């Protein structure tokens, strides 16, 4: 009940930036969600509707001593998967790589361990079987070395036969897909991002590996200060730990907890901090993509217009139809609910509104998506503590209200479903 009370009693105007009158209710929701935890961090929200920016707001703290700014960059965890997938679709449209050609034809070393038939389409839809991070490296710090991780992926063995299942790839997705792009084109991932995505869209911040001179723009987590209020004797008494929400969800779903652990938790993770300078500079595309909310929303504003942006056709019509088509509808081995995987994206999670759109959310509750039917794109970034593998109620609530505002314009009524 505490979050509901905080929401209802929070300030309705705790934000800065631009708001179109028709999306004012969404700005109020944003303020109320952030106001109660203003001392814990900051956030930004950007929305495009019918090709125009209708909301660009931010609030809170970028760090202990700095306020959030319009150009603040945020670590977005798996939200970056959607950006990497979008780069893929642009390169496929240019004929630089193919969805259906075995990746081993571009990357001969990848053919090891029976992977000679795995394609880019399998990787993008999480059907390659290469979801295991825990057993392919001995220490999480190995993830800081891009070339080393490409070697580990090339040597890895799939956990199931191709075409028989799907398993979300929380960490390995980036090395699979990014490695395939580099091997097919002969360019680095940073060069490909800059030439085919950042420059055409004029993005104000989008990185897989933050340059040294951009580190000062990145929001860092603000850790709560612990208070020592319990009597010392009471603190020494052992207490049985209750399963957290994610653990309970996995139990209810009937999935194998070992699959989840192998996909999500590298050995020695306590020795790696994604928010340290070395963590931010490392290329870990599936987990540490760093973006402004405006960059994310603009990527999806291009997608919502079926690959077009200001006179440029970045993604061809046939490729757009392919990338937005659901490839797998069943619950996969990792996620506790069906994600309806497209080529690099999943369905939109809301508090009730139905949407045929797609995008990607991150473990910290960031997220970006587009809804072609409503001609709407959305991006939410922040530096608050992590939430869960399916985001948190703030992301779902903001998504819900964004769809409702668009429906008010489209249908003359918001509705809840």
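Just so you know, all these numbers are worked out from the coordinates, no wet-lab data involved. Just so you know, these numbers come straight off a predicted model, no measurement behind them. Note: ideal-geometry Cβ built from the backbone for every residue, glycine included; neighbour counts use all protein chains shown.
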Going through (1) without any contact (Cβ under 8 Å) to a residue 60 or more places away in the chain; (2) outside any loop (DSSP other than H, G, I, E, B); (3) touching a helix residue (DSSP H, G or I) at 6+ places or on another chain (Cβ under 7 Å) one by one, residue 321 fails only at (3)
Would segment 52-63 turn up any residue that is surrounded by fewer than 19 Cβ atoms within 10 Å (Cβ to Cβ), in contact with a strand residue (DSSP E or B) (Cβ under 9 Å, 6 or more places away or on another chain) and under 20 Å from residue 403 (Cβ atoms)?
yes
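Here is a yes/no grid of residues against (1) under 23 Å from residue 378 (Cα atoms); (2) touching a strand residue (DSSP E or B) at 6+ places or on another chain (Cβ under 6 Å); (3) buried (at least 19 other Cβ atoms within 10 Å of the Cβ):
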site	(1), (2), (3)
65	no, no, no
73	yes, yes, yes
85	yes, no, yes
92	no, no, yes
98	no, no, no
105	no, no, no
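If I ask for residues that are in contact (Cβ under 8 Å) with a residue 12 or more places away in the chain, surrounded by fewer than 20 Cβ atoms within 10 Å (Cβ to Cβ) and on the phi < 0 side of the Ramachandran plot, which ones from segment 108-120 would you list?
Result: 109, 112, 116, 117.
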Check residue 155 against each of (1) crowded, with 16+ Cβ neighbours inside 10 Å; (2) within 24 Å of residue 101 (Cα to Cα) and name the one condition it does not meet.
(1)
Is it true that residue 124 is touching a residue at least 24 places away in the same chain (Cβ under 8 Å), closer than 17 Å to residue 343 by Cα, crowded, with 22+ Cβ neighbours inside 10 Å and in contact with a strand residue (DSSP E or B) (Cβ under 9 Å, 6 or more places away or on another chain)?
yes
The condition from (1) in a strand (DSSP E or B); (2) under 23 Å from residue 200 (Cβ atoms) that residue 70 misses is numbered (1)
Looking at segment 308-320, can you tell me whether even one residue there is crowded, with 18+ Cβ neighbours inside 10 Å and under 22 Å from residue 73 (Cα atoms)?
no
